[in-house]
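Peer 1: Please see the structure below; I have some questions.
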Amino acid sequence: MSQNTEKHTPLLQVIDLHTSFKTDKGEVKAVNGVTYTLEEGKSLGIVGESGSGKSVSAYSIMQILDGNGHITQGKVLFKGEDITKYTPKQMEDFRGRHCAMIFQDPMTSLNPVYTVGNQIMEAITTHNKVSREEARKKAQEMLELVGINDAPRRLKQYPHELSGGMRQRVMIAMALVSEPSILIADEPTTALDVTIQAQILELMMELQKKLGMAIIIVTHDLGVIAQMSDEIVVMYGGRICERGTAEDIFYNPCHEYTKGLLRSIPSVSNMKKKLVPIAGTPINLLNMPKGCAFCARCDNAMKICLTQVPEEVRIDKTHLASCWINIRDNKYLHDEEAEVKA
């Protein structure tokens, strides 16, 4: 009887990624050994404070870093092919056609002197050999797809003539015109009020189901990604400190930083509960500690946390964390060792 030995290749693999920025004060190590996988049609949420490295890891995939930023180590595999080895021309084709990005502030991302229609049409003609009329028709279809009313009129308007929510929908339309396999959303709801936030997230989930694309959503707000992520990655100091399903992260947080993030989120079920901010200030990436990046802000830090970086250990089948407390108390790890000995 023959066996199927064909190896599965994920859509996207980020492997031991290191990204640094050279500054007058020294080298800023913004991403330090980040590894994660994104499967076709799935959603990955990357969460953390400002300066945690979450956005830089996403920009590294697209290779749209500032001039002083460079990937110093690691691989980014798209369908098994390392795109860090791509030429500038190959990366131009990768961006938009295979992977697109929604940026944080649509008002600064859209060009104020060109109409919405011209900007969407440019995104279409860059990757497709179509006439201007065909591009205009496709642009109108995309605006209708993302829920913008009176699309023919909107095509002739400038970004400042649209509301914040509509500008964000235009950004989503521009990102999706070439039907990419991967959509990266960098803080897509930050500049929007709560009602519009919910509409944009719902729209992204609907489009994901309709188009079958995979999504990476980058945010500082755990609440934003609770309902739409198949896996959540928590970053601090350029490293991944915890990863798992939404249920793992919300109901069984195992890293002290994740616990701190959750304590700072208001709870609808208990509005009288006092919010507890994370003590201290974010880490200085110019002066990284020898041990755990979160050690200086952790109430339960041990001596080993000061000098050694904790390895990532498995809490259960879908849940991993990098914390010395978990390494010391890890029941799953001890159970597996007992099974091996038995």
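Peer 1: Calculate the FRET efficiency for residue 272 and residue 190 from the Cβ-Cβ distance with a Förster distance of 25 Å, rounded to the nearest 0.05. Mind showing how you got there, number by number?
Peer 2: Values: r = 28 Å, r/R0 = 1.10.
Once the sixth-power term is evaluated, E becomes 0.35.
Peer 1: Of 260, 280, 147, which has the largest mean-square fluctuation in a 10 Å C-alpha GNM of the chain?
Peer 2: 280
Peer 1: Which distance in Å, rounded to a whole number, links the C-alpha centroids of the stretch 116-191 and the stretch 252-315?
Peer 2: 39 Å
Peer 1: Got the relative contact order for the stretch 198-317 handy, in percent, Cα pairs under 8 Å and 6 or more residues apart? Each step should come with its number before you reach the end.
Peer 2: On the way: 105 pairs, mean separation 18.4, N = 120.
Dividing the mean separation by the residue count of the stretch 198-317 yields 15 percent.
Peer 1: In Å and whole numbers, how far do the C-alpha atoms of the stretch 23-99 stretch along each principal axis, longest first?
Peer 2: For the stretch 23-99, the Cα extents along the three principal axes come out at 39, 29, 20 Å.
Peer 1: Quickly work out the residue 137-to-residue 279 label distance, labels modelled 7 Å from Cα along the C-beta direction, and quote it in nm with one decimal.
Peer 2: About 6.5 nm, to one decimal.
Peer 1: Please give the helix 132-145 orientation as an angle from the longest Cα principal axis of the chain, in degrees from 0 to 90, rounded to the nearest 10.
Peer 2: 50 degrees
Peer 1: Name the residue farthest towards the positive end of the dipole of the chain from the options 78, 192, 38, assuming +1 on Cβ of Lys and Arg, -1 on Cβ of Asp and Glu, about the Cα centre.
Peer 2: Most positive-ward Cα: 192.
Peer 1: Could you tell me the calculated FRET efficiency between residue 23 and residue 73, based on Cβ-Cβ distance and R0 = 30 angstrom, to the nearest 0.05? Before the final figure, lay out each step's value.
Peer 2: Numbers: r = 19 Å, r/R0 = 0.62.
The formula returns an efficiency of 0.95 here.
Peer 1: Could I ask something else about it? Please state the equivalent ellipsoid semi-axes for the stretch 1-63: what are the square roots of 5 times the Cα gyration tensor eigenvalues, largest first, in whole Å?
Peer 2: Numbers: eigenvalues 212, 37, 15 Å².
Computed over the stretch 1-63, the values are 33, 14, 9 Å.
Peer 1: Just list whichever of 25/75; 75/129; 29/290 have alpha carbons separated by over 23 Å in the model shown. Write down the numbers at each step before the final one.
Peer 2: On the way: 25/75 27 Å; 75/129 32 Å; 29/290 13 Å.
25/75; 75/129, as the Cα separations exceed 23 Å there.
Peer 1: Between 118, 128, 32, find the one with the highest GNM mean-square fluctuation for the chain; connect C-alpha pairs within less than 10 Å.
Peer 2: 128
Peer 1: Taking the Cα of residue 130, stepping 7 Å toward and past its beta carbon, and measuring to each backbone N in the stretch 173-187: which are under 15 Å?
Peer 2: 173-180
Peer 1: Largest first, please: the extent of the C-alpha atoms of the stretch 152-298 along each principal axis, to the nearest Å.
Peer 2: So the three principal-axis extents are 55, 37, 30 Å.
Peer 1: On full extension of the chain, what length is gained from residue 81 through residue 161, given 0.36 nm per residue of separation minus the C-alpha to C-alpha distance?
Peer 2: Values: separation 80, 0.36 × 80 = 28.80 nm, distance 4.21 nm.
24.6 nm is the gain from fully extending residue 81 to residue 161.
Peer 1: Compute the relative contact order of the stretch 8-133 as a whole-number percentage, counting only Cα pairs closer than 8 Å that sit 6 or more residues apart in sequence. Could the numbers behind the result be given before it?
Peer 2: Details: 150 pairs, mean separation 33.1, N = 126.
So the answer I get is 26 percent.
Peer 1: Run the simple label-point estimate for residue 111 and residue 144 please: 7 Å along Cα→C-beta, distance reported in nm.
Peer 2: 2.6 nm
Peer 1: Give the share of C-alpha pairs in each 20 angstrom bin for the chain, from 0 to the last occupied bin, in whole percents, shortest bins first.
Peer 2: 28, 55, 16, 1
Peer 1: Modelling each spin label as a point 7 Å along the Cα-to-Cβ direction, I'd like the residue 16/residue 302 distance in nm, to one decimal.
Peer 2: Label-label distance for residue 16 and residue 302, simple model: 2.7 nm.
Peer 1: Of all alpha-carbon pairs in the stretch 139-195, indicate the percentage at a distance above 20 angstrom.
Peer 2: Values: 399 of 1596 pairs.
Roughly 25 percent, once rounded to a whole number.
Peer 1: Looking at the chain as a GNM with Cα springs under 10 Å, which of 207, 275, 143 has the largest mean-square fluctuation?
Peer 2: Result for the chain, Cα springs under 10 Å: 275 fluctuates most.
Peer 1: Now a separate question. Once the convex hull of the alpha carbons of the stretch 75-124 is built, what does its volume come to per residue, in cubic angstrom?
Peer 2: Values: hull volume 5.1 nm³, N = 50.
Expressed per residue, the convex hull around the Cα atoms of the stretch 75-124 is 101 Å³.
Peer 1: How large is the charge dipole for the chain, taken about the Cα centre, if only the Cβ atoms of Lys, Arg (+1) and Asp, Glu (-1) carry charge, to the nearest 20 debye? Intermediate values should be presented prior to the final figure.
Peer 2: Details: 39 positive and 42 negative charges, 108 e Å.
My answer is approximately 520 debye.
Peer 1: Whole percent per 10 Å bin, from 0 to the bin with the longest distance: what is P(r) over all C-alpha pairs of the stretch 48-160?
Peer 2: In order of increasing distance, the bins hold 12, 35, 31, 20, 3 percent.
Peer 1: How much mean residue ellipticity at 222 nm does the chain get from its helices, if each DSSP H run of length 4 or more adds -39500 (n - 2.57) and you divide by all residues, to the nearest 500 deg cm²/dmol? Numbers along the way, then the final one.
Peer 2: Numbers: 14 runs with 125 residues, N = 342.
Only helices count here, giving -10500 deg cm²/dmol.
Peer 1: Using a 10 angstrom Cβ neighbour count of at most 12 plus a DSSP loop assignment to flag exposed trypsin sites (Lys or Arg not before Pro), which longest range of the chain is free of such sites? Please list the in-between numbers first.
Peer 2: Numbers: sites that count: 7, 25, 129, 156, 272, 273, 274, 290, 317.
With trypsin sites (Lys or Arg not before Pro) excluded where exposed in loops, the chain gives 157-271 as its longest stretch.
Here, each number is a calculation from the coordinates, and none is a lab measurement. The shown structure was predicted, so the numbers you read here are calculated from the model rather than taken from an experiment. Note: ideal-geometry Cβ built from the backbone for every residue, glycine included; neighbour counts use all protein chains shown.
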